[in-house]
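Data block below; observations after.
The values are calculated or read from the model by the stated rules, or taken from the named source; none is laboratory data. These numbers were taken from a predicted model, which means no experiment stands behind them. As a convention, Cβ positions derive from the backbone with ideal geometry for all residues, glycine included, and neighbour counts pool all protein chains shown.
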Amino acid sequence: MKLEVLVLPVSDMDRATEFYTKLGWRHDFTPPGSGVVQFTPTGADTSIHFGTGLTTAAPGSAVAFLIVSDIGAAHRQLTAAGIDVSDVFHYTAHGALPGPDPDHSTYNSYATFQDPDGNTWKLQEVTTRLPGRIDAAATVFSSHRGLKDALFRAAIAHGEHEKRTGGQYDENWPDWYAAYMVAEQAGTELPT
């Protein structure tokens, strides 16, 4: 079984459509007369629905997590899109502290933002997935943008890789990019 859709309670479909478009999520469909809007976050298999009569939950009562491989980059991307996002924080035995986890421990750096109704989205940095969560052999990019963004992140990481190896041209760069992109999507250890 795979989670396909999360229904969000919103009070204004047009305002919600504008917000999720601003996030850069794919607007999959709005069938005429259906009263249903569907968006899918870049690279995600699960979509959101909102619309007329889909839920009796109060607008703004939903809380959901978005997994990111780089909390700083995700924070900058949201800020650049004009989204009001919290500062990055992490948890210790003493509670939440400002800034990303100093060790970039998986599942331990966060930021939050809300849609216009107050539905809360919590970004969570995942640097290594728990075993069994994702099959690395089944890596799929479901959109041009998702693949382009993954290639861009791999290019940046590969530039750092080349710096560490003395600035030498890496003839094996396609193999390195592929390994990086699969590891990032699977949440396994990234190549250095």
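A few notes on this one:
Listed here are the residues, each with its yes/no results for (1) surrounded by fewer than 16 Cβ atoms within 10 Å (Cβ to Cβ); (2) at pLDDT 95 or above; (3) more than 17 Å from the chain's Cα centre (by Cα).
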residue: Asp101; (1), (2), (3): no, no, yes
residue: Phe113; (1), (2), (3): no, yes, no
residue: Tyr169; (1), (2), (3): yes, no, yes
residue: Ala183; (1), (2), (3): no, no, no
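- Among the candidates Gly99, Gly82, residue that is touching a residue at least 40 places away in the same chain (Cβ under 8 Å), in the same structural domain as Leu8 (by TED's automatic domain parsing), among the small types (Gly, Ala, Ser) and closer than 30 Å to Ala157 by Cβ: Gly82
- Checking Thr52 against (1) modelled with pLDDT under 90; (2) under 15 Å from Trp25 (Cα atoms), the condition it does not meet: (2)
- Those residues of the stretch 83-99 which are at pLDDT 95 or above and either part of a loop (DSSP other than H, G, I, E, B) or under 16 Å from the mean Cα position of the chain (by Cα) (or both), in sequence order: Ile83, Asp84, Val85, Ser86, Asp87, Val88, Gly99
- Taken over the stretch 1-41, the criterion of being of a type in the set (A, V, I, L, M, F, W, C), closer than 17 Å to Leu78 by Cβ and part of a strand (DSSP E or B) is satisfied by Phe39 alone.
- In the stretch 19-36, the residue that is nearest to Gly118 (Cα to Cα) out of those that are in contact (Cβ under 8 Å) with a residue 60 or more places away in the chain and out of contact with any strand residue (DSSP E or B) (no Cβ under 9 Å at 6 or more places or on another chain) is Phe19.
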